[in-house]
1. Please specify each residue of the stretch 123-161 satisfying the condition of being within 13 Å of the chain's Cα centre (by Cα) and in a helix (DSSP H, G or I).
2. Need the failing condition index for Ser76 against (1) among the hydroxyl-bearing types (Ser, Thr, Tyr); (2) surrounded by fewer than 18 Cβ atoms within 10 Å (Cβ to Cβ); (3) touching a Leu at 6+ places or on another chain (Cβ under 9 Å); (4) not in a loop (DSSP other than H, G, I, E, B), just the number.
3. Applying the selection to the stretch 24-44, what residues are part of a helix (DSSP H, G or I), open to solvent by 20 Å² or more (accessible area, probe 1.4 Å) and out of contact with any strand residue (DSSP E or B) (no Cβ under 6 Å at 6 or more places or on another chain)?
4. Go through the stretch 79-107 and report how many residues are among the hydroxyl-bearing types (Ser, Thr, Tyr) and in a loop (DSSP other than H, G, I, E, B).
5. Identify all residues within the stretch 120-153 that are in contact with a helix residue (DSSP H, G or I) (Cβ under 6 Å, 6 or more places away or on another chain), open to solvent by less than 50 Å² (accessible area, probe 1.4 Å) and without any contact (Cβ under 8 Å) to a residue 60 or more places away in the chain; write none if there are none.
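The values are calculated or read from the model by the stated rules, or taken from the named source; none is laboratory data. The structure displayed is predicted, hence computed values, not measured ones. Note that we place each Cβ from the backbone using ideal geometry, even for glycine, and neighbour counts take in every protein chain shown. Note: areas computed on protein heavy atoms with side chains; ligands, DNA, RNA excluded. Shrake-Rupley method; radii C 1.70, N 1.55, O 1.52, S 1.80 Å.
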Amino acid sequence: MKIVIDPGHSGPVEPGACAAGVRECDVVLAIAKLLAEQLYDEGHETLLTRTGDIATDGLAFRAELANANEADVFVSLHANSAESPAAHGTEVYHYPGSARGRRLATCLQSRLVAEMGTADRGVKEANFQVLRETDCPAALVEVAFISNEADRRLLTGYVGQLAAAVAVASGLADYFAG
C-alpha cells in the first residue's frame, strides 16, 4: 500500500504546541520516521510530507502530496495540548461523513490506546484542511498531550515514540485487513 505520513507542523516557522522546552514538530517527526521504517519493512511504500524542518506553515501541500501520488491512506501525526495540564490521552480525527476515514481512525485509536496505555479520548470528526482536501481515507492522530507531564514523557522518550509508531502501523494493518 502507498501511505503518506504527515508529521504535523513545520519547525521554526510553525512548531505546533510547545511545553517544557519540547516542540510538537520534533516529537511527531521522530514518530513519523520510526513509522515510515516499520511500514517500509512491512512492504509498504511510504512518503513523508517532511523529513525535517521546513520553511512554511502552509497545509495545502500535504494533501496535494497524497493526491498527486494516489496514496491509499493519509495519516497526520500530532501532539495535543490544553490549557489544563491535567488533560491527557489519545484521540483520532476523521473528516465528517467519511465512512472509510472513520474506520481508519477507529483502527488507529484502538491500537494507540492499547499499545501506549493512554486514556481513550475517542474517535472524533473535524473539518481539518488535511482531512478535507485529501482524496484517500485520512486520519489526524493526536498521539498524546504535550502539555501533560506523563504524556510528554511518552512523546519524548524513544520507547513511547516507538510504541506510537508500532500502534499506528498495527492500526493500518487492521484497516487494510478489514
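1. Val130, Leu131, Leu155, Gln161
2. All conditions pass for Ser76, except number (2).
3. Result: Asp26, Ala30, Lys33, Leu34, Glu37, Gln38, Asp41.
4. Start the filter on the stretch 79-107 by keeping residues that are among the hydroxyl-bearing types (Ser, Thr, Tyr), which leaves 81, 84, 90, 93, 95, 98, 106.
Adding the requirement that they be in a loop (DSSP other than H, G, I, E, B) leaves 81, 84, 95, 98.
Within the stretch 79-107, residues that are among the hydroxyl-bearing types (Ser, Thr, Tyr) and in a loop (DSSP other than H, G, I, E, B) number 4.
5. Across the stretch 120-153, the qualifying residue is only Val123.
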